[in-house]
Amino acid sequence: MAKQVFATKGNLIQAKKSLVLAKTGYDLMDRKRNVLIREMMELVDKVKLIRDEITKAYEMGYYNLQQANLSSGVITNIVRQVPVDNGVHLTYRSVMGVEVPNVSLEDSPLEISYGLENSSSSIDEAYIQFQKIKKLTVILAEVDNSVYRLANVIRKTQKRANALKNIVIPNFEWTIKNITEVLEEKEREEFSRLKVIKQNKLKGDTK
């Protein structure tokens with residue numbers, strides 16, 4: 001329900017200005033939403049491909065790990081010799097004001113960090129495969145988080161755009177229409193009053 005305002009020319013001018021601002025705001029929101037949706041849909045397609053790829057990579061990785069355990073026994077001691085990778089870096093880029101992550105992994109040469117005396121080709125294959133999985137996981141983390149952030153902002157933008165389109169703008173249009181009708185009615189009444197006064201004056205002058 002639109003808020004009742006006094007029917008004055010000042011309020012009419014203010015309502016028209018507010019309507020222009022509301023329509024401009026809606027256009028900006030709508031444009032922002034469309035850009036974000038386009039960006040998100042591109043990432044969603046990318047997520048699907050990466051998830052398929054990483055699922056297959058994990059299947060191969062666990063198979064290689066199983067083969068390594070079968071050929072060399074439990075390889076816990078070898079695993080402990082693999083250093084923690086600190087080469088993951090996080091930065092952000094802006095998409096229509098939304099901060100989405102850029103996750104990168106230092107491209108360092110593959111080095112076997114465990115001793116070779118207790119190793120085997122199965123262990124090496126498992127190690128190399130999980131290095132591939134690590135790179136895919138970094139990419140998936142970036143894309144997944146970006147999709148989540150974009151979807152969250154799209155939802156909020158959609159809500160605000162709907163409020164402008166379905167509530168704010170119709171309220172201002174109703175207010176403008178109502179004030180205009182009241183002012184026009186007052187003008188007609190004033191015109192009629194002046195006409196009567198003029199006619200009475202003319203009658204008085206003819207007497």
query: How much length is gained if the chain between residue 48 and residue 201 is pulled fully straight, taking 0.36 nm per residue apart and subtracting their Cα-Cα distance, in nm to one decimal?
result: 46.4 nm
Distance violations [Cα-Cα > 29 Å] among 32/135; 48/132; 23/48; 48/156; 16/195; 9/195: 32/135; 23/48; 16/195
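Counting only other residues whose beta carbon sits under 13 Å from that of residue 28, what net charge do I get with K and R as +1, D and E as -1?
+4
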- request: Would you indicate which of (1) 1, 6, 10, 9, 9, 8, 7, 6, 6, 5, 5, 4, 4, 4, 3, 3, 2, 2, 1, 1, 1, 1, 1, 1, 0, 0, 0; (2) 1, 7, 16, 20, 22, 19, 10, 4, 1; (3) 1, 8, 15, 17, 18, 15, 12, 8, 4, 2, 1, 0, 0 is the value of P(r) over Cα pairs in 5 Å bins from 0, in percent derived from the coordinates of this structure?
  value: (1)
query: How far apart, in nm, are the 7 Å Cα→Cβ label points at residue 58 and residue 105?
result: 1.5
Distance in nm between pseudo-label sites at residue 30 and residue 152 (7 Å out along the Cβ direction from Cα): 2.8
- prompt: Taking the Cβ-Cβ separation of residue 71 and residue 131 as r and a Förster radius of 22 Å, what is the calculated FRET efficiency to the nearest 0.05?
  reply: 0.65
- request: Report the paramagnetic label zone for residue 145: residues of the range 20-58 whose backbone N is under 12 Å from a point 7 Å from Cα along the Cα-to-Cβ axis.
  value: none
- line: In cubic angstrom per residue, the convex hull of the range 136-207 built on its Cα atoms measures 56
query: Of the listed peptides 96-108, 122-134, what is their order by residue-averaged count of other C-beta atoms within 10 Å, with the highest listed first?
result: 122-134, 96-108
- prompt: Taking θ as phi - 60°, what are the ³J(HN,Hα) couplings along the range 159-175 by the Karplus curve (6.51, -1.76, 1.60), each to the nearest whole Hz, with x for Gly and Pro?
  reply: 5, 5, 5, 5, 5, 5, 5, 9, 10, 5, 4, x, 5, 5, 5, 5, 4
task: Please list, in chain and number order, the residues 5+ apart from residue 98 or on another chain whose amide H is under 5 Å from its amide H, with Hs placed from the backbone.
output: none
query: Among 69, 37, 22, which residue has its Cα positioned farthest towards the positive end of the charge dipole of the chain, with +1 placed on the Cβ of Lys and Arg, -1 on the Cβ of Asp and Glu, and the dipole taken about the Cα centre?
result: 22
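Taking only the C-alpha atoms, wrap a convex hull around the range 1-90 and report its volume per residue in Å³ as a whole number.
Taking only Cα atoms, the range 1-90 has a hull volume of 212 Å³ per residue.
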Surface accessible to a 1.4 Å probe, per residue, for the residues of the chain, Å²: 71
field: 222 nm mean residue ellipticity, helices alone, for the chain (DSSP H n ≥ 4; -39,500 (n - 2.57); rounded to 500)
entry: -26500 deg cm²/dmol
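The values are calculated or read from the model by the stated rules, or taken from the named source; none is laboratory data. It should be emphasised that the depicted structure is a prediction, and the values quoted were computed from it without experimental measurement. When we count neighbours, we look across all protein chains shown, and the Cβ atoms used for this are built from the backbone with ideal geometry, even at glycine. Surface accessibility is based on the protein's heavy atoms, side chains included, excluding ligands, DNA and RNA. Shrake-Rupley method; radii C 1.70, N 1.55, O 1.52, S 1.80 Å.
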